[in-house]
Amino acid sequence: MTVIRAIVTDIEGTTSSISFVKDVLFPYARKRLPAFVETHGDTPEVQHWLHEAAKEAGIVEAPRQQIIDLLQRWIDEDRKSTALKALQGMIWKEGYEAGDYQAHLYPEVSARLHAWRADGLHLYVYSSGSVPAQILFFRYSEAGDLTPLFSGYFDTETGPKRERASYEKIAEAIGEQPAHILFLSDIVEELDAARSAGLRTGWLLREPLTLPDAPRHPAYRDFDAIVL
């Protein structure tokens, strides 16, 4: 069997519950977005991402309120927009630092990540959330600061999560042959793309999801069930 040297993990539904993102982070950003844009809209970084959002929507010029309405609609739609994710990450940073919430982790995740790292594996994250948001997530987790465990982070600036080329780029950036990398996700289309790029795959199907009799990828109930 090929030796696994690196693990790349998704977040939502994999290390952490989807409900934390949907029911805590998204509403938090949506509620605070108008005030955040009004307060920080003239800073270069926020201006850049507001411009990128307008460009993505095909808007040449628009009043600030129209852009706010657009971004809130994208939050409701869970649009995988790099500009939106960047702005959400800035708002979430304020919430984490204020202690308004901590990032949810499934019970076994922290111990398993520590064990894998202690065994010499290099750990990475690939999520649709921006890299800064990913770092915040693991820095302010319920299990404490886990960022020292990770060697790097990837988001949609690398590419869409359901495209083979994204995983080829990740393997190149990590500096490992794809066959030595294990990608963990709860989304089968992401796993399909990773496998087509040559990566090993692990399909997380947490309770109350049912483990299929003949899964398209090695299927696991939790991280403790993963055999390397």
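The values are calculated or read from the model by the stated rules, or taken from the named source; none is laboratory data. Note that this is a predicted model, so its numbers are computed, not measured. Backbone-built Cβ (ideal geometry, glycine too); neighbour counts: all protein chains shown. Only protein heavy atoms, including side chains, enter the accessible area calculation; ligands, DNA and RNA are left aside. Shrake-Rupley method; radii C 1.70, N 1.55, O 1.52, S 1.80 Å.
Looking for something within 25 Å of H104 (Cα to Cα) and modelled with pLDDT of 95 or more - is there at least one such residue anywhere in region 168-179? Scanning region 168-179 turns up no residue that is within 25 Å of H104 (Cα to Cα) and modelled with pLDDT of 95 or more.
Residues that are over 18 Å from the mean Cα position of the chain (by Cα), open to solvent by 30 Å² or more (accessible area, probe 1.4 Å) and of a type in the set (D, E, K, R) occur in region 204-215; there is at least one.
Residue by residue, here is whether (1) among the charged types (D, E, K, R); (2) more than 14 Å from R162 (Cβ to Cβ) holds:
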| site | (1), (2) |
| --- | --- |
| I181 | no, yes |
| T201 | no, no |
| R206 | yes, yes |
| A214 | no, yes |
| A219 | no, yes |
| D222 | yes, yes |
| A225 | no, yes |
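In region 91-114, what count of residues is obtained for those that are polar (S, T, N, Q) and either open to solvent by 80 Å² or more (accessible area, probe 1.4 Å) or at positive phi (or both)?
Step one: of region 91-114, the residues polar (S, T, N, Q) are 102, 110.
Filter once more, so that each one left must be either open to solvent by 80 Å² or more (accessible area, probe 1.4 Å) or at positive phi (or both): 102.
Going through region 91-114 one residue at a time, the tally reaches 1.
Residue pairs whose Cβ atoms lie under 8 Å apart, sitting 6 or more positions apart in sequence or on different chains, and linking a residue in region 151-180 that is within 20 Å of L84 (Cα to Cα) and surrounded by fewer than 17 Cβ atoms within 10 Å (Cβ to Cβ) to a partner that is modelled with pLDDT under 95 and polar (S, T, N, Q), are E157/T82. Scanning region 66-80 for residues being more than 21 Å from S16 (Cα to Cα) and either in contact (Cβ under 8 Å) with a residue 24 or more places away in the chain or among the small types (G, A, S) (or both) gives a total of 4.
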